[in-house]
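Structure first, then comments.
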Amino acid sequence: MAPRKRLLNLETMNQAVLDVKVPILGSVLARALEIQQEIDQGIVKPFKKLTKCHFGDQQAMGHKPRTFLRQVAALCTYPELLDTDNFAEDAKRRAREILKTLDNNSVGSYNPTYITQVLPRKIAKFIEQRDGGVPSDPKNIVVSGGMSKAVLNALALAADEESPLKTGFVVPVPYYPLYGDAIALFGATKVEYVLDEERGWAVNEENIRESIRAARQHCNPKVLCAINPGNPTGHVLSRDNMEVIIRVAAEENLLLFADEVYQENVFAPGVVFHSFKKVLFEMGPEYSERVQLVSIYSISKGISGECGLRSGYIEFVNVDQAVFNYFGILKSFDIPSVIAVLTLEVLVDPPQPGDTSYESFQAEAQNLLSTQLEKARLAEEIFNRAPGICCNPIQGALYAFPRIQIPERAISLAQGRGQAPDIFFCHLLLEETGIVLVDGTSFGQAKGTYHFRISLLHPLEELKSILEKIVEFHAKFLQEYS
């Protein structure tokens, strides 16, 4: 019998999936994985090990988890520890309070009431305190597992795959690659508005409006995305820029999707994070009663860096209840771990003044921010004194996104290989130094500019050595290809 052609292959599978590029890095990461295998096999390289600078996993880079958070999680997971003397008294008290709200006092239960009712009430209080009293309704808050899946579910509400006119998602450039991949997966159209690098990644109102006007000729723009603080850029949107985005969303009748997962990672002196919800309501009823807003928060970033636990929340503002109910259906495919969501509870309701762990919790958080500020300033200094590299001030998040000069000969060689010039650069850097970066092409960038993203999570002295190696390599690169 002749073998039958397999049903599922590259020709018969969902073609939209072929356009998805997650995880980021593409060929650079693929080559890094190959190099690691070669090192494991004893193949000699110009370096002893790979230096991973491509992701925002704080604990993988040696950052310690928050003590109070882990104590509460441990106590809830194994309540017998409550009878020992190894934990802070307020951690024990919090664990007992949480356990009382769980079905049969166990994190091993499904605990739907805790996830859908108890925790959203605490999150609503956190949001109200953050936003200076702007009301938050627990019924509009959904606790999720990994926020990547939550983002896909939220954006899926707006994607109309049946319409002859594709749905348009308006995204900033640069943007986190998940958004481009979600758009591709939905068979939608990506509409880009380029941030002004010369003005610290500021928003240009006319640029956004023109992008939307042009897009209406071939798609139906529905969603305006904003990332604040910026990933990969590390900038924090000014209040004026946020008002511009809100006005555009209102006047163009777009749903505003606010990625605010780095809201606790703001460290630059004098720079303040404002949530889009807060600014929206402070602009008055003309906007607060009109603009539909979806915003996200994640425990993977911020002061916790709990990437492996996977949890966060989404808040909906001015979204019809019927639509919200359908999101609940999508969310049923993404039921979060109870251990992860009790960690979320601790973050939105941390130790208060007078509690045993208050001072240590605050000290750990402040140490994280002050260390990130020191690393950011180091990156700015080293990059900006190097010929052919410039780096905007880093105000938040976990990364630097410097612009690099690439000579014409290198550009031609890269194009001959079918590579973007910055991907070409990142490959050469990887082969010679073992440093793994993310090319700017993965995030999008203004035409004729080239960048890379580097995470600033290594210990300070190690980071200094990494930055100096990159600068040294780039200088040789300029000399060789000029």
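The values are calculated or read from the model by the stated rules, or taken from the named source; none is laboratory data. None of the values given here were measured: they were computed from a predicted structure. Positions of Cβ are generated from backbone atoms using ideal geometry, with glycine treated the same way; all protein chains shown enter the neighbour counts.
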Helices (runs of 4 or more DSSP H) wholly inside the stretch 357-458 that include at least 3 residues being farther than 30 Å from Val191 by Cα and modelled with pLDDT of 95 or more: 358-384, 421-433
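Rundown of residues vs (1) modelled with pLDDT of 90 or more; (2) outside any loop (DSSP other than H, G, I, E, B); (3) not assigned by TED's automatic domain parsing to the domain that holds Leu178, yes/no style:
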residue: Pro3; (1), (2), (3): no, no, yes
residue: Arg6; (1), (2), (3): no, no, yes
residue: Leu10; (1), (2), (3): no, no, yes
residue: Val22; (1), (2), (3): no, no, yes
residue: Leu33; (1), (2), (3): yes, yes, yes
residue: Gln37; (1), (2), (3): yes, yes, yes
residue: Gly42; (1), (2), (3): yes, no, yes
Flag if Pro402 is crowded, with 21+ Cβ neighbours inside 10 Å and within 25 Å of the chain's Cα centre (by Cα): yes
Complete set of residues in the stretch 112-125 that are closer than 18 Å to Val72 by Cβ, of a type outside the set (Val, Ile, Thr) and buried (at least 20 other Cβ atoms within 10 Å of the Cβ): Tyr114, Leu119
Condition met for Ala446 (small (Gly, Ala, Ser) and either crowded, with 23+ Cβ neighbours inside 10 Å or touching a Gly at 6+ places or on another chain (Cβ under 9 Å) (or both)): no
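May I ask you to list the residues in the stretch 211-224 that are part of a helix (DSSP H, G or I), among the aliphatic types (A, V, I, L, M) and within 24 Å of Val151 (Cβ to Cβ)? Full working, then the answer.
The first filter runs over the stretch 211-224 and keeps only residues part of a helix (DSSP H, G or I), leaving 211-215.
If we keep only those that are among the aliphatic types (A, V, I, L, M) too, we end up with 212, 214-215.
Within the stretch 211-224, Ile212, Ala215 meet the criteria.
Residues to consider are Val261, Val323, Val341; find the one that is of a type outside the set (Asp, Glu) and within 20 Å of Ile227 (Cα to Cα).
Details: Val323 fails: within 20 Å of Ile227 (Cα to Cα); Val341 fails: within 20 Å of Ile227 (Cα to Cα).
Within the list Val261, Val323, Val341, the selection yields Val261.
Can you confirm whether Lys447 is within 20 Å of Thr51 (Cα to Cα), among the basic types (Lys, Arg) and either touching a residue at least 40 places away in the same chain (Cβ under 8 Å) or out of contact with any strand residue (DSSP E or B) (no Cβ under 6 Å at 6 or more places or on another chain) (or both)? Give the derivation first.
Values: within 20 Å of Thr51 (Cα to Cα): no; among the basic types (Lys, Arg): yes; either touching a residue at least 40 places away in the same chain (Cβ under 8 Å) or out of contact with any strand residue (DSSP E or B) (no Cβ under 6 Å at 6 or more places or on another chain) (or both): yes.
Taking the combined requirement at face value, the residue does not satisfy it.
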Which listed residue, of Val317, Val323, Val346, Val338, is of a type in the set (A, V, I, L, M), modelled with pLDDT under 95 and either touching a Leu at 6+ places or on another chain (Cβ under 9 Å) or on the phi > 0 side of the Ramachandran plot (or both): Val323
Total residues in the stretch 459-482, condition modelled with pLDDT of 95 or more and either more than 17 Å from Leu50 (Cβ to Cβ) or outside any helix (DSSP H, G or I) (or both): 15
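Residue by residue, here is whether (1) free of Cβ contacts under 8 Å to residues at least 60 places away in the same chain; (2) of a type in the set (Phe, Trp, Tyr); (3) crowded, with 21+ Cβ neighbours inside 10 Å; (4) in contact with a strand residue (DSSP E or B) (Cβ under 7 Å, 6 or more places away or on another chain) holds:
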| site | (1), (2), (3), (4) |
| --- | --- |
| Gln372 | no, no, yes, no |
| Gly388 | no, no, no, yes |
| Gly396 | no, no, yes, yes |
| Cys426 | no, no, yes, yes |
| Asp439 | no, no, yes, yes |
| Ser442 | no, no, yes, no |
| Leu456 | no, no, yes, yes |
Unmet requirement for Gly234, which otherwise passes all of (1) within 23 Å of the chain's Cα centre (by Cα); (2) surrounded by fewer than 19 Cβ atoms within 10 Å (Cβ to Cβ); (3) on the phi > 0 side of the Ramachandran plot: (2)
